[in-house]
Structures are given as C-alpha cells and as structure tokens.
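Following: one structure in structure tokens, then a few remarks.
The values are calculated or read from the model by the stated rules, or taken from the named source; none is laboratory data. In this text, all values refer to a predicted model and were calculated from it rather than measured experimentally. We place every Cβ from the backbone using ideal geometry, glycine too, and count neighbours over all the protein chains shown. Surface areas here come from the heavy atoms of the whole protein model, side chains and all, with no ligands, DNA or RNA. Shrake-Rupley method; radii C 1.70, N 1.55, O 1.52, S 1.80 Å.
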Amino acid sequence: MTPRGDREPDDERSEGSDYEGAVQRSPETPRSRNTRYRMSTGLAAQGVDFLVLNDAGEHAFRINGRAISNDDTVQLEDLHGHVLYEAYAHAARKQSRIVITDAIGMEIGWVVRQPVSPLRDRFAIELSSGKQLSVDGNVIKHEFSIFDSHGRVAEVSQKWFRARGSYGVEILSGQQDGFLLTSLVVLDQMILGTA
C-alpha cells in the first residue's frame, strides 16, 4: 500500500497504471463525454501562469508561463501545482522532436516535425505505446484536427472564442486531455519560435 503523503483528498490513482508509484489525478481520468478547453497563444511572451478553462467555465489545468519564459520548459500542472506533464522546449523552432514526460519523468510521447517543403511542415504526435496521432489542417492559424487510426480525437479552432489570443480545443471522450493540451503548447512553441 502506498502512503498518501501530501496528496490532496481528491487525487486518484488511475486504474491499470503501467508503473508503480505513478500518481494520476482525476483530471487525467478519461472522460465519458467530449470537453472543450480555452487555450492562449503567446504563453512564453506573457511569462505568467495561464489557467485552462473547460466548457463549463471551470479551471481545469494550469500552464506554468514562468517556466516557459525562464527555462524553455512547458509544464502542465493540476490546480494544486503538481506537474502532470513536462517538455523541455529549448530552441523548439529548430527542433524536429520534442519529448513529453509524465509526473515521474517517464517519456510518454513526442511532438514531431516532419518537413514537407522549405515553407511548410507537417506535425505528428507519437506516444511511447506506439500509437501515432496525425495533425491535419492549418496549425499556424489554430484551425486543425488531430486523428488516430480510428478517427478524430481532438479539434482546434479559434472560432469558438472571441477573446484575442485564444483558441479552443475540443477533445473527444476517452482521451488523456492533459497530454494532448501539453502537446498543443509544445506545437505552438515549435511553430511560433518563441522558445
């Protein structure tokens, strides 16, 4: 039995965790319905934390803006400040592959740039399990979808929110939302060259 330590009462250990000791909190438990989140562009320029809102207007995650601007590190945290996912994005504009780790530092995925031409790149998200996600659409304008072998798993659009510098992400049920949101922040860093 693992001691509770300083875990918050609402923390949960995910069923079927692949490794002992990993703490998966309730926001990462796959949901039974689609959820839309509001994200911000230019996080590194802001240098402040950004609270990700869900479609009910509730705070769902926090993106550590200071870590992006000071350390070139993308950190997605729960609302208690625990890091759920992290990616070191130094010189992300020049990198072809950025690693995403989980709360205990295990590599769980990568955002991959696949050059198509000198003016155009294609992106993919690869998971350590071997699952591949393709990114299709206009990534720079935040109008694109993410697909796995069974179909669409997420859609990104600026049309859902009128606030300047924001875009929406709809993630279908059964997905690991935090991992996908972290991947999108990394993708922004790779495209915008802010890291």
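Structure notes:
- Contact map, the range 55-83: first residue of a type in the set (D, E, K, R), second residue open to solvent by 80 Å² or more (accessible area, probe 1.4 Å), Cβ cut-off under 9 Å, separation 6 or more or different chains; pairs are 71/88; 71/90; 72/88; 72/90.
- The lone exception for residue 83 - which of (1) under 15 Å from residue 167 (Cα atoms); (2) modelled with pLDDT of 75 or more; (3) aliphatic (A, V, I, L, M) it fails: (1)
- Evaluated against (1) surrounded by fewer than 17 Cβ atoms within 10 Å (Cβ to Cβ); (2) modelled with pLDDT of 90 or more; (3) not basic (Lys, Arg), residue 127 falls short on exactly one condition, (1).
- In the range 156-170, the residues that are without any contact (Cβ under 8 Å) to a residue 24 or more places away in the chain reach residues that are of a type in the set (D, E, K, R) and surrounded by fewer than 16 Cβ atoms within 10 Å (Cβ to Cβ) with C-beta atoms within less than 8 angstrom, at least six apart or across chains, in these pairs: 157/143; 158/141; 158/143; 159/143.
- Here 25, 66, 31 are screened, and the one residue that is modelled with pLDDT under 85, in contact with a Ser or Thr (Cβ under 6 Å, 6 or more places away or on another chain) and more than 15 Å from residue 167 (Cβ to Cβ) is 31.
- Residues within the range 98-150 that are of a type in the set (D, E, K, R), under 15 Å from residue 184 (Cβ atoms) and in a loop (DSSP other than H, G, I, E, B), tallied: 1
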